[in-house]
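Novice: For reference, the structure I am asking about is given below.
The values are calculated or read from the model by the stated rules, or taken from the named source; none is laboratory data. For clarity, every value in this text was computed on a predicted model and none was experimentally measured. Don't worry about glycine lacking a Cβ; one is built from the backbone with ideal geometry, like all the others, and counts go over all protein chains shown. Each accessible area value is taken on the protein alone, full model and side chains, heavy atoms only, with ligands, DNA and RNA left out. Shrake-Rupley method; radii C 1.70, N 1.55, O 1.52, S 1.80 Å.
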Amino acid sequence: MSEPLLSVDDLHVEIASRERTVHALAGVSLDLAPGEALGVVGESGSGKTMTALGVLGLLPSGGSITRGSVRFDGEDLVAGGEKRLQDVRGNTIGVVFQDPLTSLNPTMTIGAQVAEPLLLHRDISKKEAFARAQEMLGLVGMPQPAERMRNYPHQLSGGMRQRVAIAMALVCEPKLLIADEPTTALDVTTQHQILELVDDLRSRLGMAMILVTHDLGVIANRVDRVAVMYAGKIAERAGVRSLFRAPRHRYTEALFSALPEKAVVGATELRTIPGLPPNLALPQHGCRFAARCAFATDACRETEPELLGDDHAFACFHPVPPQQADPLADVVPGEERHAPALASGTPLLEIAGLRKDFPLSGGPFARSRGTVSAVGGVNLTVRKGETFGVVGESGCGKTTIGRMVAGLEDPTSGSITFEGQDLATMSRSRRRAHRRRIQLMFQDSTAAMDPRMRVGAILREPLVIQGVGDRAEQERIVAELLDAVGLPRGAVDRCPHEFSGGQRQRLGLARALTLSPELIVADEPVSALDVSVQAQILNLMRDLQRDRGLTYLFISHDLAVIRYLADTVGVMYLGKLVECGPADEVYEHPLHPYTRGLLDTVNVPDPERLDDTRKPLGGETPSAAAPPSGCRFRTRCPLAQDICARAEPAVTTPLGGTHQVACHFPLVEGTRAAAA
Amino acid sequence: MTGFLVKRLLQALVVLFLVTIIVFLLLHSLPGGPARAILGPKGTPQQIAHFNEVQGYDDPLPVQYADYLVRLVHGDLGQSYKLNESVSSLLGQRLPKTLILTVLSTVVAVVVAVPLGLLQAVRRGRPADYILTALAFLAYATPVFFLGLIFIIVFSQAIPLFPAEAPQGTSIGSIFSGFSGMVLPIVTMAFGIIAMFSRYMRSATLDNLTEEYVRTATAKGQSSRRILARHVLRNALIPLVTLLGLYLPTLFSGALVVESMFNYPGMGLLFWNAAQGSDFPVLLGVTLVVGVATVVGSLVTDIVYALLDPRIRSVS
């Protein structure tokens, strides 16, 4: 390898707060050649962001580099001090952050923000800087850049804002781009467009890149080499293909097998990683993964393994044997995935013609300025004991449907029938009693719990409200629930904030189960969780479903999670259900161009599966305040014709059975060709 | 932006109309009516009837209100019962004096409080922050009359830098020509405002410093000083604008304690004396002015908001 562009050596970072000092990084070393792309993956708290941002000294408050060096372009940035770092930041190293909503200054124009690095680092006039900024906006695929220059961040969509952030990072043509979870806050289709853009610009400008992500699918096709981080150290470092083909560290292996994408292939239970990552505020002994590793021996617990090897380095005493090509091969096959509820099951929930319009209000003296059509006429049937997965991008109305089913929102029109009873026609008291039969599970369970109440009180509250049993009986039910979701009974005396993300989600599930509901509406219940913890929750939800005969309405943007858990899938786009049917059929033979595009867009965590026949979706979802006429997808549809603008497509079943699609030109031909 | 202004102005007019109704009804909700209040318990029924007839209090309420409105539009706020002067001419004398005092002290306060708040936020948890916090609480807790007395003793008597009495002239020119007399009243009044505003500025700046756009700005290679000036300041000023808007009516109602301490007859003293002497036309006039100031205050707040924050601009 030629002289590295960036060389991080034995980097130690500590974050001190009033109560404790967290040793966020404990000796991280990595090299990056000019033009090379390095992926840094790991779960939350693994130190991946700290590594990437530590390079530029962009540590959170209280953070400091206690040891090690960062050499960039032949210069030590740690020793150089703040002044030197300011020269490098935004100039030879550009950074793109995760959340485009908060990482732009809300009160400055796009133009001023993009031009700013130029004004700081280049000796040019304001006029030249703005002209260059506008050029850069064009380069990142911003339509009408001249107009956008005068816009403010809130006037742009999330994807467009991320383009602005990229333009800002690249306007000085840096040698290195650091991208910290650049697409995590974005929808699948936008995510794809942004990653393509970064790829394209990288090859055009010849930059090196560090791509930090928790998403193995994102790095699989975007980088040359990968560093897997765990608990403040690099566990494994290898070329992307060799890592995905044959991971050596036991943690990497476990991480791969916890991916829902992997389980679907074998139709097995997800393999989970038990326990939690270590608390980095405490001193660490031995291998940091030992406590969760099935192969750990006494040596692992006493001595810390070193990161050894050149091309494929790993820090493990008991690595996966190199000849093993398939990381799943030595995994004990999980339990057979339970047979999906048959289509003949009795309907539990029936939704017909469901619409929800939200008024756009303009203040007390202004007339209403139209409505947002969040849900625009949806029909679906959820059968007893099945998992109905609703999948779609943000703003497609999936959450609104969930809220209406749970009775938190009243439909504008249409009916929701639960076991033959129409919710709308129920009396107030009947409705109240009925609520116990449908419960909600949220994405962020902590936010959904009173922070000052103890867990015991939180779990007991629904029982008290519905008047179930006396206090002793209620406490017995709570204790049983905690057993069922795998939390210690002592949890009743603790407050929600004392639990980790995965434990909180268990609490959320316990709370939803308190009243023994028949239907649980789960709104993105695992979206905020790391892969290994996500697997634990998904398996738990499955087990509980089997034991208690639960029905789930599972709402998610994550196609892989839906595929793993759902028996029936409904795909939503801009308030419409565009396709609905048995999960396997929908995924194997999508009939709607949107579903097809969505499946083609999703990042598969497998670098070998690069395939040119995939046609990812372009464009952006139009506003729900003015949805397109006819078929709402027509503005982005590759097959759209005149009729699509004139008439709303009727629901048909071109393949027979229960696989429904609302499209004038369903993909029947392609399906037949693929089947043949 | 123009549409936004027109809409806000129309709303303000509606509110002002409501203010006049409330002010008018207040006058008539007095037990025994204004006549009894003016003439006192010894007033004979004949005197009261005469008073009511002269003042027009025997007409039906809507007629009276219409008269009141017509007079109001012509700038006639009635005649003071006690001072033998029209209310509008009283306000004309007192309001400018009060405004000179209150506006100047507020300007001084903002000019001092904004950098102080920024400094404390940047030095959070360090000695400078603790000392300034302690001083702010001290200034906040000190009664104005006490502070004023200390200033008079120190800066007027021990070290005779400034006179202890405000300029006595009635014209604006004479006030400014004797401006050294305004220093102590302004400083006395500004002290408490500085304490309050600097606390707000400190917390608003701290909130903004933890925002992610600040990290983005750092990643562009800017110095922290430049980030503070170019990025944080504008965003941190937004809460202060709310505070200033809420503060505007106070500017018009005057500062009774400071005015009487430095013998500077402004709105505060006028209101106080009118309240003591049941001088209703004056009371109502002052109330109306403060009501208008309140409405204008929130209008100005909205406009400045829109100037500072483009998100609000585009919603409207």
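Novice: What is the helix-to-structure angle for B:267-276, meaning the angle in degrees between its Cα long axis and the longest Cα principal axis of chain B, kept from 0 to 90 and rounded to the nearest 10?
Specialist: 40 degrees
Novice: Please give me, ordered by residue number, the trypsin sites (Lys or Arg not before Pro) of the range A:445-539 that lie in loop per DSSP and have at most 13 other Cβ atoms within 10 Å.
Specialist: A:Arg452
Novice: Rounded, prolate or oblate: which fits the range A:501-574 when a ≥ b ≥ c are the square roots of the eigenvalues of the alpha-carbon gyration tensor, with rounded for a/c under 1.5 and prolate only if a/b beats b/c?
Specialist: Oblate shape, in that a/c is at least 1.5 and b/c is the bigger or equal ratio.
Novice: Tally up the carbon and sulfur contribution to the accessible surface of the range A:543-643 as a whole percent, 1.4 Å probe, everything protein left in place.
Specialist: The C+S portion of the solvent-accessible surface of the range A:543-643 is 48 percent.
Novice: Whose amide H sits under 5 Å from the amide H of A:Val96, counting only residues 5 or more places off or on another chain, with H placed in the peptide plane?
Specialist: Answer set, sorted by chain and number: A:Ile178, A:Ala179, A:Asp180.
Novice: Once each part is reduced to its C-alpha centroid, what is the distance from the range B:284-310 to the range A:1-58 in angstrom?
Specialist: 52 Å
Novice: So who's got an amide H within less than 5 Å of the one on A:Cys293, skipping anything under 5 residues away but keeping other chains? H placed 1.01 Å off N, in plane.
Specialist: Close amide H contacts, sequence-distant or interchain: none at all.
Novice: Something else: Just check the protein assembly as shown against the gyration tensor rule for me: Cα atoms, a ≥ b ≥ c as the square roots of the eigenvalues, rounded for a/c under 1.5, and otherwise prolate or oblate depending on whether a/b exceeds b/c.
Specialist: prolate
Novice: Which whole-angstrom value gives the distance between the alpha carbon centres of the range A:387-418 and the range B:196-235?
Specialist: So the two Cα centres are separated by 41 Å.
Novice: Given H placed 1.01 Å from N in the peptide plane, which residues other than close sequence neighbours of A:Lys576 have an amide H under 5 Å from its amide H?
Specialist: Sorted by chain and number, the residues that satisfy this are A:Gly376.
Novice: Please give the FRET efficiency for B:Thr142 paired with B:Tyr305, using the beta carbon to beta carbon distance and R0 = 22 Å, rounded to the nearest 0.05.
Specialist: 0.10
Novice: Taking the Cα centre as origin and putting +1 on Lys and Arg beta-carbons and -1 on Asp and Glu beta-carbons, what dipole magnitude results for the protein assembly as shown, to the nearest 20 debye?
Specialist: 2160 debye
Novice: Separate question: Quick one: what are the phi-derived ³J(HN,Hα) couplings along the range B:21-27, Karplus 6.51/-1.76/1.60 with θ = phi - 60°, whole Hz, x for glycine and proline?
Specialist: 4, 5, 4, 5, 5, 4, 4
Novice: Give me the percent of Cα-Cα pairs in the range B:234-316 that sit more than 21 Å apart, rounded to a whole number.
Specialist: 44 percent
Novice: Counting only GluC sites (Glu not before Pro) that sit in a DSSP loop (anything but H, G, I, E, B) with at most 14 other Cβ atoms within 10 Å, what is the longest stretch of chain A containing none of them?
Specialist: Longest site-free region, per DSSP loop and neighbour criteria: A:20-305.
Novice: Across chain A, how many lysine pairs, 8 or more positions apart or on different chains, have C-alpha atoms separated by under 27 Å? Please give the number.
Specialist: Here the count comes out as 21.
Novice: So, one more: Shape call for the range A:35-142 from the C-alpha gyration tensor, a ≥ b ≥ c root eigenvalues: rounded (a/c under 1.5), prolate (a/b greater than b/c) or oblate?
Specialist: Judged from the Cα gyration tensor, the range A:35-142 comes out prolate (a/c at least 1.5, a/b above b/c).
Novice: Would you work out which of A:Thr303, A:Thr252, A:Thr213 lies farthest towards the positive end of the dipole of the range A:193-304? Charges go on Cβ: Lys and Arg +1, Asp and Glu -1.
Specialist: The one lying farthest along the dipole's positive direction is A:Thr303.
Novice: Also, quick follow-up: Residue by residue through the range A:495-511, which ³J(HN,Hα) values in whole Hz follow from phi under the Karplus form 6.51 cos²θ - 1.76 cosθ + 1.60 (θ = phi - 60°), with glycine and proline marked x?
Specialist: 9, x, 5, 7, 9, 7, x, x, 5, 5, 5, 5, 4, x, 5, 4, 5
Novice: Using the Karplus curve 6.51 cos²θ - 1.76 cosθ + 1.60 with θ = phi - 60°, work out ³J(HN,Hα) for each residue of the range A:560-572 in order, rounded to whole Hz, and write x for Gly and Pro.
Specialist: Karplus-based 3J(HN,Hα) across the range A:560-572 equals 5, 5, 4, 5, 5, 9, 8, 8, 10, 10, x, 9, 10 Hz.
Novice: Still on this model: Taking the dipole about the Cα centre of the protein assembly as shown, with the C-beta of Lys and Arg at +1 and of Asp and Glu at -1, give me whichever of A:Leu544, A:Leu509, A:Gln660 is farthest to the positive side.
Specialist: The residue sitting most towards the positive pole is A:Leu509.
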